[in-house]
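The values are calculated or read from the model by the stated rules, or taken from the named source; none is laboratory data. Nothing here was measured: the structure is a model prediction, and the numbers come from that model. Quick reminder, even Gly has a Cβ in these numbers, built from the backbone with ideal geometry, and neighbours come from all protein chains shown.
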Amino acid sequence: MRERARVFIAACFYYSGLVKLAYWWIRRSGQRLIILNYHRASGGNLRRHLLYLRHHYCILPLEAALEELYKPLAEGKRMRNQHMPLVLTFDDGYHDNYTYGFALACEMQVPITIFLIPGYIESGDYFWWLEGKRLARRSQVSEVTIEGRTYYLGSSREQRALAQAIDTRLRYARSVAEREAFLATVRKAFVTPSNVTVEEEAVLPLTWEEVHKMEEGGWVSFGAHTMHHPNSSSILELMYFMLFGKQDMIGHSRPGTASIHRIVILTSYGALK
């Protein structure tokens, strides 16, 4: 029902002409750049997204788009294109960015930028924000006690409660070190199988080998998405990252933060629809 309502509302905006009016107003008010930020590449309709975006927008590599956006008029005329410039980015560096996103980028000749978390590439560990659900679902023990409460894992309700408790504890850790210490403790207590399921493989971090293969393909560029993806409470690491810029970890320096008053960033966290 919710999905139907969303489709209906979107159709109303589109066929009423409001979307075209908004698009015209944005173009009239000066050069703009849209950055469409994804996370996962599989689990939805990325191909359909790219077909639509390629038809309606001018898709550019991130650095080229930023150079074009901030190029002083005195240095020469900006690129003229009837379509608004758009950049496609993927955060975190999931394995399916390589198996699915990279393949589509090459096939459709669409440039994308992936922001990596080097600490996870080095360790190969599962991303911390997915561990609550994975551990609760895959644990081979019948019950587990976390911070004074015992959860009975034969019940799906208890599994959900446990996953939520782990996630909350991780999100409110005061530092990356505290978060990783807690994760090490719960992973040891849960006794999960050593085999990796297809679903788990898709959300593993990329490897350096995959990163280099994508770079050699010519349609993927990279940036850094912090070293360990700290919680919002890890202010010092976040401030360092913002103040001293980004390094993509494979030999290419990148500029730090820039003014975003002419940039619109749209983010998708869940599966693509």
Those residues of region 164-202 which are within 15 Å of Lys133 (Cα to Cα) and in a loop (DSSP other than H, G, I, E, B), in sequence order: Val191, Thr192, Pro193, Val196, Thr197
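Could you list all residues from region 127-163 that are of a type in the set (A, V, I, L, M) and assigned to a loop (DSSP other than H, G, I, E, B)? Steps first, please.
Just the residues of region 127-163 that are of a type in the set (A, V, I, L, M), to begin with: 130, 135-136, 141, 144, 146, 153, 161-163.
Selection gives Val141, Leu153.
Residue-wise test of (1) under 30 Å from Ala103 (Cβ atoms); (2) basic (Lys, Arg).
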{"site": "Ser156", "(1), (2)": "no, no"}
{"site": "Arg160", "(1), (2)": "no, yes"}
{"site": "Gln164", "(1), (2)": "no, no"}
{"site": "Asp167", "(1), (2)": "no, no"}
{"site": "Ser175", "(1), (2)": "no, no"}
{"site": "Leu183", "(1), (2)": "no, no"}
{"site": "Ser194", "(1), (2)": "yes, no"}
{"site": "Leu206", "(1), (2)": "yes, no"}
{"site": "Gly218", "(1), (2)": "yes, no"}
Here are the criteria: (1) modelled with pLDDT of 95 or more; (2) assigned to a helix (DSSP H, G or I); (3) surrounded by 14 or more Cβ atoms within 10 Å (Cβ to Cβ). Tell me which single one Ile114 does not satisfy. (2)
Quick one: Arg174 ticks every box in (1) on the phi < 0 side of the Ramachandran plot; (2) in contact (Cβ under 8 Å) with a residue 24 or more places away in the chain; (3) surrounded by 11 or more Cβ atoms within 10 Å (Cβ to Cβ) except a single one, so which number is it? (3)
Filter result (part of a helix (DSSP H, G or I), surrounded by 17 or more Cβ atoms within 10 Å (Cβ to Cβ) and free of Cβ contacts under 8 Å to residues at least 60 places away in the same chain) within region 51-71: Leu53, Ala65
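Given Gly132, Gly119, which one is surrounded by fewer than 19 Cβ atoms within 10 Å (Cβ to Cβ) and either among the acidic types (Asp, Glu) or within 19 Å of the chain's Cα centre (by Cα) (or both)?
Gly119
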